[in-house]
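In what follows, a structure is listed as structure tokens, so that the remarks can point back to it.
Computed from the coordinates by the stated procedures, all read-outs in this text should not be read as laboratory data. Model, not experiment: these values are computed from the prediction.
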Amino acid sequence: MRAFIAIDLAPEMKDKLAALVNHLKPLGKNIKWTARENYHLTLKFLGEISESEMEDIKKLLNEITGRHQSFKLRLKGTGSFPSGSNRVRIIWAGLEEVEELLTLQQEIEIELEKKGFPRENRPFSPHLTIGRAKHPEKQERLASELSKNNQLELGSMEVREIIFFQSILHPEGPEYRVLSCHPLS
């Protein structure tokens, strides 16, 4: 099964992101916008895992979350990858960097590497993907609006747990199923 570890967003945060997406939709073309129910902050993408690996990961996540306190997550700003380009590939909402988030993600990365899961090549860049270009092309209006909203306050929430998700790919978009929830102490 295909799996990842993430922070699910509070319903009010999902509502704010959905409103932002509705504002951005007319400005971009050939964009696959993320469905409201799929908004999340990925901490670690695992790819294909076995049933036994799933059980080991659940135990490991319980150990890790037991060492971390809940913390506040603040959504702020919009942008795209590659940054500074009108050829938009990924459209994102940003997060203010929170030491607790970075520490938690780093520990997940280190502990899973010990279990044989390769470490990410790129440094962790906390963001919420809200859209993807099917084929990168010039999107001046969209890029301009994203730049204009780079300090937009999108609210905050208390992170009380991390979630282990299964990702099931369908032609109309992914479906995410909760495998387990891991409360922070």
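Helix 51-65 versus the longest principal axis of the chain: what is the Cα-based angle in degrees, 0 to 90, to the nearest 10? On a 0 to 90 degree scale, this one is about 90.
Percent relative contact order of the chain, based on C-alpha pairs within less than 8 angstrom and at least six residues apart?
Details: 340 pairs, mean separation 64.3, N = 185.
Reported as a whole number, the value is 35 percent.
Which entries in Lys25/Lys115; Lys14/Lys58; Lys76/Lys134 show an alpha-carbon gap greater than 32 Å? The pairs that break the limit, which is 32 Å between Cα atoms, are Lys25/Lys115.
Separation of the stretch 78-93 from the stretch 103-136 is 18 Å, based on Cα centroids.
Convex hull volume of the Cα atoms in the chain, per residue, in Å³?
Measuring per residue, one finds 115 Å³ for the Cα hull of the chain.
Computed from Cα positions, the angle between helix 99-114 and the longest principal axis of the chain comes to roughly 60 degrees. Full extension of the chain between Lys72 and Glu48 yields a length gain of 5.6 nm, computed as 0.36 nm times the residue separation minus the alpha carbon distance. The slack between Arg177 and Glu97, meaning 0.36 nm per residue of separation minus the straight C-alpha distance, is 26.1 nm.
The angle between the Cα long axis of helix 11-24 and the main principal axis of the chain comes to about 30°, on a 0 to 90 degree scale. The helix-only estimate of mean residue ellipticity at 222 nm for the chain, built from DSSP H runs of length n ≥ 4 each weighted as -39500 (n - 2.57), is -9500 deg cm²/dmol after division by the residue total.
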